[in-house]
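Read-outs throughout are calculated quantities, based only on the coordinates presented, and are distinct from any laboratory measurement. As the structure is a computational prediction, the values presented were derived from the model and not from experiment. Every residue, glycine among them, receives a Cβ derived from its backbone with ideal geometry; neighbour counts consider all protein chains shown.
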Amino acid sequence: MRLFKTSGNSDIHHKFPNLAKPESDGMFCYHIQRRISCTISFYCHSIGMSANTATFIDFCFAVAAALCFYLHYFFVGALLVWLFGLWSCVDGELARLSGKPSKLGDFYDTMTDRSAEFIIVASLLLAFRYPPPAAYWDLLMFAYMGAVFLITNSSEKYRSVFHQNYPKNTAERLFSWLCAGSDMRLLYISIGAIWFAVTGSAVVLAWLILIMTIVLYINFIFRLWKIYQLNWQSSS
């Protein structure tokens with residue numbers, strides 16, 4: 001007996017990139033995570049899992065990753081970060097597969113993503129608090145989360161004002177590869193955490209966060225100009 005249908009539009013609809021959001025997905029999310037998550041989503045849809053259940057599972061992965069980082073289980077923490085990244089795609093894909101997307105589900109999906117990044121970064125801050133890998137560790141993490149707040153808030157405000165996702169993949173393709181999406185930021189953080197687990201040195205992690213912080217502030221300034229340009233073009 002076949003688990004999935006093999007005829008009709010449903011087979012085509014669940015395949016990559018039909019469930020993706022090419023205008024707003026980060027580059028790592030769109031080109032790597034979506035190729036895996038589409039299959040997971042189709043299976044979850046076939047067993048009747050709801051999008052809200054997937055969001056809850058997603059948040060559990062984030063909490064588990066943060067706890068592992070805090071306890072210095074960095075390999076496991078990095079694996080859980082990657083699983084979080086996959087499941088952050090699954091809930092939205094399930095909503096689209098079922099044809100039942102909801103504003104409330106979208107709200108909790110977004111809040112889960114923002115909360116997850118915060119607790120993961122906070123766990124790293126606490127994990128290296130005593131002794132810190134560098135004298136400026138606290139300031140660095142504060143500056144990083146400030147930059148994340150600005151870049152994510154600008155995306156959400158754009159969506160609430162213009163009633164569409166900010167098209168970062170076309171408007172700022174370079175930044176999409178560097179730091180504009182949480183998928184890339186968490187990928188770099190997980191790489192830095194694994195490097196620490198292998199070598200015992202947090203220098204790579206600190207440098208990755210420092211570089212992302214600087215680029216995020218540049219990205220935010222560029223985005224303000226780009227949104228002005230897009231609005232001017234649409235109104236002229």
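Observations on the model:
- Checking residue 87 against (1) without any contact (Cβ under 8 Å) to a residue 40 or more places away in the chain; (2) more than 19 Å from residue 208 (Cβ to Cβ), the condition it does not meet: (1)
- Complete set of residues in region 139-161 that are touching a residue at least 40 places away in the same chain (Cβ under 8 Å) and surrounded by 14 or more Cβ atoms within 10 Å (Cβ to Cβ): 140, 141, 143, 144, 147, 148, 150, 151, 154, 155, 158
- Residue match in region 132-143 (condition: within 26 Å of residue 64 (Cβ to Cβ), small (Gly, Ala, Ser) and assigned to a helix (DSSP H, G or I)): no
- Residue in region 167-175 that is part of a helix (DSSP H, G or I) and farther than 25 Å from residue 84 by Cα present: yes
Quick grid of which residues meet (1) within 20 Å of residue 76 (Cβ to Cβ); (2) in contact with a helix residue (DSSP H, G or I) (Cβ under 7 Å, 6 or more places away or on another chain); (3) without any contact (Cβ under 8 Å) to a residue 60 or more places away in the chain:
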{"position": "168", "(1), (2), (3)": "no, yes, no"}
{"position": "172", "(1), (2), (3)": "no, yes, yes"}
{"position": "178", "(1), (2), (3)": "no, yes, yes"}
{"position": "187", "(1), (2), (3)": "yes, yes, no"}
{"position": "195", "(1), (2), (3)": "yes, yes, yes"}
{"position": "198", "(1), (2), (3)": "yes, no, yes"}
{"position": "205", "(1), (2), (3)": "yes, yes, no"}
{"position": "213", "(1), (2), (3)": "no, yes, no"}
{"position": "219", "(1), (2), (3)": "no, yes, no"}
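- For region 69-103, filtered to residues that are over 17 Å from the mean Cα position of the chain (by Cα) and either small (Gly, Ala, Ser) or within 16 Å of residue 118 (Cβ to Cβ) (or both), the residue that is surrounded by the most Cβ atoms within 10 Å (Cβ to Cβ) is 69.
- Screening residue 129 on (1) exposed (fewer than 15 other Cβ atoms within 10 Å of the Cβ); (2) part of a helix (DSSP H, G or I); (3) not hydroxyl-bearing (Ser, Thr, Tyr) shows it passes everything except condition (2).
- Being over 14 Å from the mean Cα position of the chain (by Cα), assigned to a helix (DSSP H, G or I) and among the hydrophobic types (A, V, I, L, M, F, W, C) is a property that residue 161 has.
- Residue list for region 42-64, filter: within 18 Å of residue 110 (Cα to Cα) and not β-branched (Val, Ile, Thr): 50, 51, 52, 54, 56, 58, 59, 60, 61, 62
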